[in-house]
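Data block below; observations after.
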Amino acid sequence: MNQNKLFQQTRLRLALWYALVMAVILSLCGYGIYRVVSRFHWRTLDRELESVAGTLHDSIELKLQQPGQLEPVIEQLLPNICIVGQSCIPKQSNSQRHILTAINQSDYYVRFFDTSERLMAIAGTYPQGLSLAFNDKSWQTLEDAQGNLYHQISFILHTQDNSDWGYMQVGRSLADYKGYLEAMKLALGIGLPITLVFIGLASWWLAGLAMQQIYHSYRQIQQFTADAAHELRTPLAATQATIESALFLPQFDQMEGREILRTIQRQNQRLTTLVTDLLLLTRLDRQTVSISPHICCLNDIVTDLIEEFAALAIASDVTLLSTIDMSDILHINGNEDQLYRLFSNLIINAIQYTPPNGKVIVYLVRSDNFAVIQVQDTGIGIPTQEISQIFDRFYRVNSDRSRITGGSGLGLAIAQAIVDAHHGSIDVQSELTKGSQFIVKLPLYLTKMQSP
Ligand code: ADP
């Protein structure tokens, strides 16, 4: 329960961190996009203003004769012009050049000043609250009394004989630009929190997925520890019982003494084997057992083991045979001790789980770039539903029978770990009461001449 709480808390913390990091990244990206888009938009505005003002300047300047005198061409180009001191007569013009329709129809304005910087005329959508004071800076951003912003460009105009005529200022309202930026801010302001809610949910789900794996391995470790403790307790309890009963005896003769010592030695041996197996498994897990680049001859290993287990097979009344093609010597790159351990685990199991008069055959063959070692028996077989579990640590199909054989349920787990360390594979096929076959495939060591 407590562990569950710990995992839930870790999951929550992981999800929050993930969401936080994503929030920072998204906010920075949002801000960056906002800056880039607004700058781009601003540039477009500048270019548009420059182009409109430039067209107007070019159209007017060629026709100017007297400094400070508004020529008819100005009225033709800007029909809604208001001349200072006269009334404004808005007229509709039919003959506008299309670039200048912007000034007459949208939120552009044009102001003309004479050389003494006095306002002469205004055209376009003129902002009421804008200061009439002259400023000759070429680019300006102005603000009217209501806080509306305007962007403006100024030019000096010359007459045909190249004397100063006065100034022209073309400006436009920034209301649509501001509106555009406001809309973008709103979209980011609403979009970002909504995205973050989805990110939060996604991170909770992802953290759950990650924790599931960790929780699974944590449960496996817990199970492994419990199983190991249980296995260690059995020989320890047996030793303890033997010692207690020996102490209980008022006296014992040499024969009895020896028998007691032999029992203790047996249990001790079991403990030692168990601890050695556990250590080997742990080291294989951590990949600390070095697979030194040692070339091992599988033909020799299998032949040695057949000889070694001949006595055990005879004692168990089982025929142990091998089929090895001695003309095809198979080498693999690996750890010889581990390979001996791997195949002896399989052969011992085959002998032990085969009833008297049964047969165990070990095959060694080449298949493409792999050596295939097959240990086949006519033994008790493994129930189909348990086949997937026999490689689990401490798993025994029939624990009573395994105990008789002295098995702890680690043999196949070790075999699997050794095969993995050698980049091979192990498979099993079995039929209850008919027998089993374990098939190990290991990548061959190929010399340059052998490799394809
Ligand atoms: P154990 O030390 O108990 O033999 P193993 O990990 O070597 O443990 O094997 C796990 C279980 O798989 C055994 O308890 C046994 O039930 C089953 N098993 C392994 N090899 C064979 C086989 N050749 N025939 C039938 N059952 C087998």
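Some notes on this structure:
- Spans of helices (runs of 4 or more DSSP H) in segment 228-341 with at least 3 residues in the same structural domain as LEU364 (by TED's automatic domain parsing): 298-308, 310-315
- Just so you know, in segment 376-388 the residues that are touching a residue at least 24 places away in the same chain (Cβ under 8 Å) and more than 8 Å from the ligand (Cβ to nearest atom) include one that is surrounded by the fewest Cβ atoms within 10 Å (Cβ to Cβ), and it is THR384.
- Where ILE351 falls short, out of the listed (1) part of a helix (DSSP H, G or I); (2) in contact with a Leu (Cβ under 8 Å, 6 or more places away or on another chain); (3) within 27 Å of GLN287 (Cβ to Cβ): (3)
- Top-ranked residue in segment 342-375 [being buried (at least 20 other Cβ atoms within 10 Å of the Cβ), under 43 Å from the mean Cα position of the chain (by Cα) and within 12 Å of the ligand (Cβ to nearest atom); ranked as farthest from LEU446 (Cα to Cα)]: ASN349
- In the set (1) surrounded by fewer than 19 Cβ atoms within 10 Å (Cβ to Cβ); (2) touching a strand residue (DSSP E or B) at 6+ places or on another chain (Cβ under 8 Å); (3) modelled with pLDDT under 95, TYR395 fails one condition alone, (2).
- Neighbours by Cβ (under 8 Å, 6+ apart or cross-chain): first from segment 187-203, within 20 Å of TRP17 (Cβ to Cβ); second part of a helix (DSSP H, G or I) and not hydrophobic (A, V, I, L, M, F, W, C): LEU192/SER27; LEU192/GLY30; ILE199/TYR18; SER203/TYR18
- The set of residues from segment 59-88 being in contact with a helix residue (DSSP H, G or I) (Cβ under 8 Å, 6 or more places away or on another chain) and among the polar types (S, T, N, Q) comprises SER59, ASN80.
- Check on SER402, over 36 Å from the mean Cα position of the chain (by Cα), modelled with pLDDT under 95 and either within 12 Å of the ligand (Cβ to nearest atom) or buried (at least 17 other Cβ atoms within 10 Å of the Cβ) (or both): yes
- Within segment 17-41, tally of residues that are surrounded by 15 or more Cβ atoms within 10 Å (Cβ to Cβ) and over 19 Å from ILE190 (Cα atoms): 2
- Within segment 112-163, the set of residues being modelled with pLDDT under 85 and over 60 Å from the mean Cα position of the chain (by Cα) comprises LEU132, ALA133, PHE134.
- Selection count where residues are assigned to a strand (DSSP E or B) and of a type in the set (S, T, N, Q), scope segment 105-137: 0
The values are calculated or read from the model by the stated rules, or taken from the named source; none is laboratory data. Computed from a predicted structure; not experimentally measured. Here Cβ is always computed from backbone atoms with ideal geometry, including for glycine, and neighbour counts include all displayed protein chains.
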